[in-house]
1. So what is the orientation-averaged projected area of chain A, using the convex hull of its C-alpha atoms, in nm²?
2. How big is the shadow of the Cα convex hull of the range B:49-108, averaged over all directions, in nm²?
3. Would you pull out the residues with amide H under 5 Å of residue B:47's amide H, same chain only if 5 or more places away, H placed 1.01 Å from N?
4. Relative to the Cα centre, what is the charge dipole magnitude of chain A, using +1 at the beta carbon of each Lys and Arg, -1 at the beta carbon of each Asp and Glu, and rounding to the nearest 20 debye?
5. Hey, what do the phi angles of the range B:34-40 turn into as Karplus ³J(HN,Hα) couplings, whole Hz, using 6.51/-1.76/1.60 and θ = phi - 60°, x for Gly and Pro?
6. Work from the charge dipole of chain A (Cβ charges, +1 for Lys and Arg, -1 for Asp and Glu, about the Cα centre) and give the residue of A:91, A:38, A:55 farthest towards its positive end.
7. Ordered by packing density, taken as the mean number of other Cβ atoms within 10 Å over each peptide's residues, highest first, how do B:24-34, B:52-62 rank?
8. For chain A, with a Gaussian network of springs between Cα atoms less than 10 Å apart, report the residue from A:17, A:50, A:41 with the top mean-square fluctuation.
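Laboratory data are not the source of any read-out in this text; all were calculated from the coordinates shown. This structure is a prediction, so every number in the text was calculated from the model and none was measured. Every residue, glycine among them, receives a Cβ derived from its backbone with ideal geometry; neighbour counts consider all protein chains shown.
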Amino acid sequence: DTGVSQNPRHKITKRGQNVTFRCDPISEHNRLYWYRQTLGQGPEFLTYFQNEAQLEKSRLLSDRFSAERPKGSFSTLEIQRTEQGDSAMYLCASSLGSGVGNTIYFGEGSWLTVV
Amino acid sequence: GQQVMQIPQYQHVQEGEDFTTYCNSSTTLSNIQWYKQRPGGHPVFLIQLVKSGEVKKQKRLTFQFGEAKKNSSLHITATQTTDVGTYFCAGPDDKIIFGKGTRLHILP
């Protein structure tokens, strides 16, 4: 399968613990996006990368959230000291460049439940 | 920042009826994208519109981009149960901002 891969698909963690999600984009896609989605809502932008450079981070994100894409390929999203409000599906997407004609491909998401 | 507003939030239609969802922006859009998300699934890209007044069709789906490039619509003709899901429009920023979506329910 050459689509966007995310893991783990499901994570249950206790409040206060740290969690890390990994995203493997489609090969050669230089754009990588992270979104968060809660039930009944649209995907909420978190951050995105052009190759290894993090171009923008949503101001909605607290300092507990950090994302990396060290070699411009896979990316990780870490949430420190998780809170119940962090429970959501975390979506990764990738694209080949940006702008007109660009198609965004989403992974299947990583579900986080904080108990 | 860039925002796209979608209406309606929910739509129930009898199978075979038509369905339309609308997307509006306060600013001119360079392009707009539409996605479909099935229950329990992830968003799947449907189409991108770029030109003012553009109309594109995919079988029973018709997508329109307004002349002023501030609004867009998705129309489904003769809905089927496979059309169930949430339809999102997404703005053109590099970061791709999504509307809240229109959830379509099909009544058999």
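1. Details: hull surface 28.1 nm².
Its average projected convex-hull area is 7.0 nm².
2. Details: hull surface 18.6 nm².
If I average the Cα hull's projected area over directions, I get 4.7 nm².
3. Result for residue B:47 returns B:34.
4. On the way: 13 positive and 12 negative charges, 67 e Å.
Here chain A has a charge dipole of around 320 debye.
5. 10, 10, 10, 10, 6, x, x
6. The residue sitting most towards the positive pole is A:38.
7. Values: B:24-34: 18.5, B:52-62: 13.4.
Going by the mean number of other Cβ atoms within 10 Å, highest first, we get B:24-34, B:52-62.
8. The residue with the greatest mean-square fluctuation here is A:41.
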